[in-house]
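Heads up: the structure comes next, in structure tokens.
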Amino acid sequence: MSTEFNRPNLVENKATHPLYWITEQELNLENLRRGYIKKASESLPSLFNDFVSKESRLDPFVAKIFEDYLRMLSGGRKIRGLLAAVSFSISDGEPHFREEIIRSSLAYEMIHNAFLIHDDIEDNSPTRRDQDTLHVAYQKLADKLGSQDTQNLGKALALNAGDKGPAIAFLIILRSNLPDDRKLASITHLSEVISDTVSGQAIDLSHMSLDQLTRRKVYQIDVFKTAKYTFAGPLKLGSILAGASEREQQLYVKFGLPLGIAFQIYDDIAGVFGNPEELGKPTDSDLKEAKKTLLFWYAFNTGSRQQRTILQHSWGNQSLTEENLNQVREILLSTGSVDYSFNVAKALVYQAKKFIPKITDNAETRQVLEQIADFSITNYVSIKNLSHSTANHFG
């Protein structure tokens, strides 16, 4: 897989460039991500100390919720938190608020992990990031405690922990030293992001057959469940925390929304053709869960009668075999669905990049934003199981 994350560094004064507080290395997306993760890791213990000390007085198990969040926040790529820190910096956020921005961006990651807890229960996923999902871990704990209903108790405990995430996130921002108007605007924005994401998930969970799936329905899911939450949301949050104007905030939204859709399209392709170890899930899970993706929609609507029958049989089939999966892969390739989907994603990235000159006129900063755009269709996940001609798309 080829990426453009390590282009030669442009000449720039590190003392004045707004992004060099995140990393002291050459300015590219990967170094920024590593720098952000380092700062976030340093901030996490103090961020949770007050919560843990207070909650542990209630009950040791309540304190365990924070321990589990701390464990989850210690992992992952933290792209959403990084995007908030980047947009804050580009929007000329005050240097004396940088620690507050790290903490506030972690609040966004807190919401992300709360979503993952609920998502894993809804999808009945046993593992995430090579570890037990929280409801599975709690089921094992319930068994040790002698529960007679470990399955339901584990899920109930995990749901309860997930419910707590957004409240903690709001408190992190409300207790910060940021100006009150920015706090209020941030909480309002996060509430809208949460509401939109839950709506997108509701559409995704709604029952329908493959022949009922429409392009509009796929678009709604991609926008509400992914684009607003993964790209546009954190980018706008950072600009709000920097005190940016409404016009500046909307530029980040216009930049982030198409990238979020492109990100989801690439993720859907990787979900069928990717490396399971990199994905952290098996490549048959999207089919078994009947995921409403552009990939499946296009193949079904352009395939032959026989291909449509195979797709209908496979979509949502919990007994899917490796042979069935390979049949579906071949259909996705032969109908041109993979090519079509990736071309749509590339067009969205091109659309997003048009807004970069409106966000900044700094050459190095533009380079970083271009790398963020390119990341949406690489996502650190390699693609395999493709024909030679199609594989050329993915490097």
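Taken together, the values in this text are just the output of simple stated rules run on the coordinates, not laboratory data. Computed from a predicted structure; not experimentally measured. Please note: Cβ atoms are built from the backbone with ideal geometry, for glycine as well, and neighbour counts cover all protein chains shown.
Projecting the Cα atoms of SER239, ALA270, VAL338 onto the charge dipole of the stretch 228-350, computed from C-beta unit charges around the Cα centre, puts SER239 farthest toward the positive end. Put a plus charge on the Cβ of each Lys and Arg, a minus charge on the Cβ of each Asp and Glu, and nothing anywhere else: the dipole of the chain about its Cα centre is then about 440 debye. For the stretch 124-213, the share of alpha carbon pairs falling in successive 5 Å distance bins from zero is 3, 11, 13, 14, 15, 14, 14, 10, 5, 2, 0 percent.
Size descriptors for the stretch 253-309: radius of gyration and Dmax over Cα atoms are 13.3, 42 Å. Over all projection directions, the Cα-based convex hull of the stretch 29-394 averages an area of 18.8 nm². Taking amide H positions as modeled 1.01 Å from N, with prolines and chain starts lacking one, the residues under 5 Å from GLY274 and 5 or more places away or on another chain are LYS384. Hey, rough spin-label estimate for TRP21 and SER319, points 7 angstrom out along Cα→Cβ, what's it come to in nanometres? Inter-label distance under the simple model: 6.0 nm. Taking other C-beta atoms within 10 angstrom as a stand-in for reagent exposure, TRP21, TRP297 fall in the order TRP21, TRP297, fewest first. Each of TYR350, TYR108, TYR20 has some number of other Cβ atoms within 10 Å of its Cβ, and from fewest to most they run TYR350, TYR20, TYR108. Seen from a random direction on average, the alpha-carbon convex hull of the stretch 243-395 projects onto 10.5 square nanometres. Measuring nothing but how far apart in sequence close Cα pairs (under 8 Å, 6+ apart) lie, relative to its length, the chain scores a relative contact order of 18 percent. In terms of surrounding Cβ atoms within a 10 Å radius of their Cβ, LYS225, LYS140, LYS288 rank from fewest to most as LYS140, LYS288, LYS225. Across the stretch 140-153, coupling constants 3J(HN,Hα) worked out from phi with the 6.51/-1.76/1.60 Karplus curve, θ = phi - 60°, read 5, 5, 4, 5, 5, 7, x, 5, 8, 9, 5, 4, 5, 5 Hz, and Gly and Pro carry x.
In order along the stretch 63-69, the phi-based Karplus estimate (6.51 cos²θ - 1.76 cosθ + 1.60, θ = phi - 60°) of 3J(HN,Hα) comes to 4, 4, 4, 5, 4, 5, 5 Hz; Gly and Pro are listed as x.
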